[in-house]
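The structure under discussion appears below in the form of structure tokens.
Throughout, read-outs are computed from the coordinates displayed, never taken from laboratory work. Everything numeric here is computed off the predicted structure, so don't read it as measured data. Reconstructed Cβ throughout: ideal geometry from the backbone, glycine too, with neighbour counts over all protein chains shown.
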Amino acid sequence: MKPADKKAYDRDYALAKKTGKPFFPYAIFKDTIVAGLTIVGIIVLAIVVQVEVGEPVNAATTDFVPRPEWYFYFAFELLKIFANQDVLTPVIMATFMVPNILIILLVVWPFIDRGPERRIWKRPFAMGMIVLVTGFLCYTTYLGAKTPAGVSSQGLPVGGLDEAGTAGMQVFMDNGCGSCHMVAGVGAPGPGPDLTNFGSKGWDEAKQIAWLKAPNPPMPSYASLPPADLEALATFVNGLGTKYK
């Protein structure tokens, strides 16, 4: 602390000690009131705002995309931000790196900004750090709450579908492809790649069918599908981003 700051702090402290009120009972009384109001508010919210109960999980399906509790929505959104790089990067960044960096910033900042000033408008850097971290968490929580949960029964938000494309999209949904892949913002952000613009790769039907029958792990094989379903699925995937978009 600078000598001038220490002198000003000692002067303000002496004045506050001389003219202020003692900790007991004034501060304790205020803390009790605030704590009581907080508890009452939590009880009221628990009664008025009921916890949402979703559909029971069907363990026999493969297209169910689990959603976390609301306080983990920010991590849910981070998984999407870092998706499609490799299998481990989204998990490492969303559950370890980014949250821990934010926590470390909040913990070490008081040791970096050690000024004696307590008025918030006199602490621009400290307030800026709090606003940035809190704003980031709130924004990613909002995005995580609004993100699509998975492939809906109504289909994917893809236009230009013809008869073959519609049949292929149905095969895509029926076989749980959305549990590993995302199309036009709908589906899971991994571990499979985003297929929104897969058609730009220029694969033909034979190559796509061969891949579906014998893909690289961890993608399962779809060799057991009827030939008509394989052809429809290959047509749909190969047209994403070009013919179907």
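Secondary-structure-derived ellipticity at 222 nm for the chain, considering helices only, amounts to -16000 deg cm²/dmol, per-run term -39500 (n - 2.57) for DSSP H runs with n ≥ 4.
Neighbours of Y13, meaning other residues whose beta-carbon lies under 14 angstrom from its beta-carbon, give a summed charge of +2 when Lys and Arg score +1 and Asp and Glu score -1. Placing R0 at 51 angstrom, the Cβ-Cβ distance between F136 and E163 gives a FRET efficiency of 0.65 after rounding to 0.05. Placing R0 at 41 angstrom, the Cβ-Cβ distance between W70 and S224 gives a FRET efficiency of 0.55 after rounding to 0.05.
Quick one: length gained pulling L15 to A210 fully straight, 0.36 nm per residue minus the C-alpha distance? Gain on stretching L15 to A210: 62.0 nm.
Please list log₁₀ I(q)/I(0) at q = 0.13, 0.22 Å⁻¹ for segment 67-121, using the Debye equation with identical point scatterers on the alpha-carbon positions. Values, matching the q order: -0.48, -0.82. Relative to the current alpha-carbon distance between R119 and V107, full extension at 0.36 nm per residue lengthens the span by 2.4 nm. Rounded to the nearest 0.05, the FRET efficiency derived from the C-beta distance between V49 and A8 at R0 = 30 Å is 0.05. In this simple spin-label model, placing a label point 7 Å from the Cα along the Cα-to-Cβ direction at both N100 and L143 gives a separation of 2.2 nm.
Just order 172-182, 200-210, 34-44 by mean Cβ neighbour count inside 10 Å, highest at the front, would you? Walk me through the numbers before you get to the answer.
Details: 172-182: 20.6, 200-210: 13.5, 34-44: 10.0.
Descending packing order for the listed peptides: 172-182, 200-210, 34-44.
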